1. Rg/Rh for region 1-62: what does it come to with C-alpha atoms and Rh from Kirkwood?
2. With each run of n ≥ 4 DSSP H residues scored as -39500 (n - 2.57), what mean residue ellipticity at 222 nm is computed for the chain after dividing by its residue count and rounding to the nearest 500 deg cm²/dmol?
3. Please determine, in degrees from 0 to 90 and to the nearest 10, the orientation of helix 7-17 with respect to the longest principal axis defined by the Cα atoms of the chain, where the helix direction is its Cα long axis.
4. Using Cα-Cα distances under 8 Å and only pairs 6 or more residues apart, what relative contact order does the chain have, in percent?
5. Ranked highest first by the average count of other Cβ atoms within 10 Å around their residues, in what order do 26-38, 62-74 fall?
6. Using only Cα atoms, locate the centre of region 23-52 and the centre of region 73-87, then give the distance between them in Å, rounded to an integer.
7. In degrees between 0 and 90, to the nearest 10, how far off the longest principal axis of the chain does helix 44-81 point, with axes built from Cα atoms?
8. What ranking, highest mean first, results for peptides 122-131, 39-48 when packing means the other Cβ atoms within 10 Å averaged over each residue?
């Protein structure tokens, strides 16, 4: 097994890294596009280099999107402040603020009693199923 990339593989990766399609990268490497797919699938050195390129692209895109997040929030804020009711409604809905939520307990002693009641109800349900099963015999 080769431990390095061929000239054609370097050319293909350079083209792909430059934004070329697989077909264009194959042309740049003077190979058939099926060859590139075969390299990706079966050549561990090429696949590792291809995967590294993909990881770099993802990390770069994620970093750019994070930097844009503040601008996106500012844009949404301005739109809501200007009275964009549809956007305001969608935002509240997506954040789950329009759903009716059941008030939940915050007192540990009350929660402990609730848990015990739930356990008792489950035990009673099991006993009732067992009794029905016994009577059905």
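1. Numbers: Rg = 11.2 Å, Rh = 11.6 Å.
Over the Cα atoms of region 1-62, Rg/Rh equals 0.96.
2. Values: 6 runs with 106 residues, N = 137.
-26000 deg cm²/dmol, from helical runs alone.
3. The two axes meet at around 50 degrees.
4. Values: 54 pairs, mean separation 16.2, N = 137.
Relative contact order here is 12 percent.
5. Working: 26-38: 16.2, 62-74: 9.6.
With the highest mean Cβ count within 10 Å placed first, the list reads 26-38, 62-74.
6. Measuring centre to centre over Cα atoms gives 46 Å.
7. That works out to roughly 60 degrees.
8. Working: 122-131: 10.0, 39-48: 14.8.
So the order, starting with the most tightly packed, is 39-48, 122-131.
Values in this text are rule-based calculations from the coordinates and carry no lab data. As the structure is a prediction and not an experimental result, all values here were calculated from the model. We place every Cβ from the backbone using ideal geometry, glycine too, and count neighbours over all the protein chains shown.
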